[in-house]
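The values are calculated or read from the model by the stated rules, or taken from the named source; none is laboratory data. Owing to the predicted nature of the structure, the values given are computational and were not obtained by experimental measurement. Here the Cβ positions follow ideal geometry from the backbone for every residue, glycine too, while neighbour counts run over all protein chains shown. What goes into the accessible areas is simple: the full protein's heavy atoms, side chains included, and nothing from ligands, DNA or RNA. Shrake-Rupley method; radii C 1.70, N 1.55, O 1.52, S 1.80 Å.
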Amino acid sequence: METEDLERFELNLREGPIPRHIGIIMDGNGRWAEARGLPRLAGHREGSNSVREVTRTARRIGVRALTLYAFSSQNWFRPPNEVAGLMDLLREYLERERAEILDNGIRLNAIGGLNRLPALVRRPLDELRAASAGNREMVLTLALSYGGREELLHAAAALARQSKDGAVKPSLSDFEALLWTHDLPAVDLIIRTSGEHRISNFLLWQIAYAELIFVETPWPEFRRRSFLECIRSYQQRERRFGLTSAQLRQA
Ligand code: FPP
């Protein structure tokens, strides 16, 4: 698609409903690199360019929250050189994107077992979270050392502490307030790249009513156009939240 057509495509989409919160499982970096005879880290590096382009596009079309699955709690078991390379890439990303994040009113947020992150990531992460805390245009959440089951366990333990005598009868909103995503809007859309049809321990509670889109494109090639195509697919879906189409028409 020519740049001009892409501009028009984006403008048209902005007339329709834009998902408030999008989560992305950025899969396929390793396979993309291996298919080109490159080291897996070259795929992650190219993937960080997709992160920049998708974040920019999301911010421009009015997405309120973007959550990226950058490193799962299971990813710690990958070969040590890949883990170290990913940590270094994250550090580089945080340093390189600092100005862009601050200039565009983006709040940087992180969820997961952040205590496990090495200081070389933790320091710039904490610094940028603090520096961007007052920003309101969009919240960019990096899921780092993140696992959905771990998040649920953490919330359940907090709930158990609150209700030791068994007197508390928790509501759904009480429980949600204990999740790491407590200050984010409900997830409207989950995108997974690179052809796998799995959730892989990502936002398990939060996806209850999310639309799921799986695309074949590997993450390093998932850029503005691919992202906008996912928004178009989202706009073509009818979200019923357990109701009937007729009920929705009457509402
Ligand atoms: C999955 O691809 C991707 C990851 C485990 C890491 C995602 C990281 C990035 C996109 C770059 C750094 C992140 C930021 C926020 C700058 P895979 O390696 O599992 O791919 P494969 O299934 O093809 O092996």
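For the reader, a short list of remarks on this structure follows.
- For segment 200-251, the list of chymotrypsin sites (Phe, Trp or Tyr not before Pro) that fall in a loop by DSSP and count at most 13 other C-beta atoms within 10 angstrom reads Tyr209, Phe241.
- Using the 1.4 Å probe convention, the accessible area of the chain works out to 51 Å² per residue with neighbouring protein chains retained.
- In terms of its C-alpha gyration tensor, segment 1-145 comes out oblate, because a/c is 1.5 or above while a/b does not outweigh b/c.
- Cα-based shape type of segment 141-251, given that a ≥ b ≥ c are square roots of the gyration tensor eigenvalues and the cut on a/c is 1.5: oblate
- Of all accessible heavy-atom area on the chain, the percent that carbon and sulfur account for (1.4 Å): 50 percent
- Sorting 177-186, 31-40, 72-81, 48-57 by their mean Cβ neighbour count within 10 Å, with the most densely packed peptide first, gives 48-57, 177-186, 31-40, 72-81.
- Selection from Leu114, Pro39, Leu86, by position along the positive dipole direction of the chain (Cβ): Leu114
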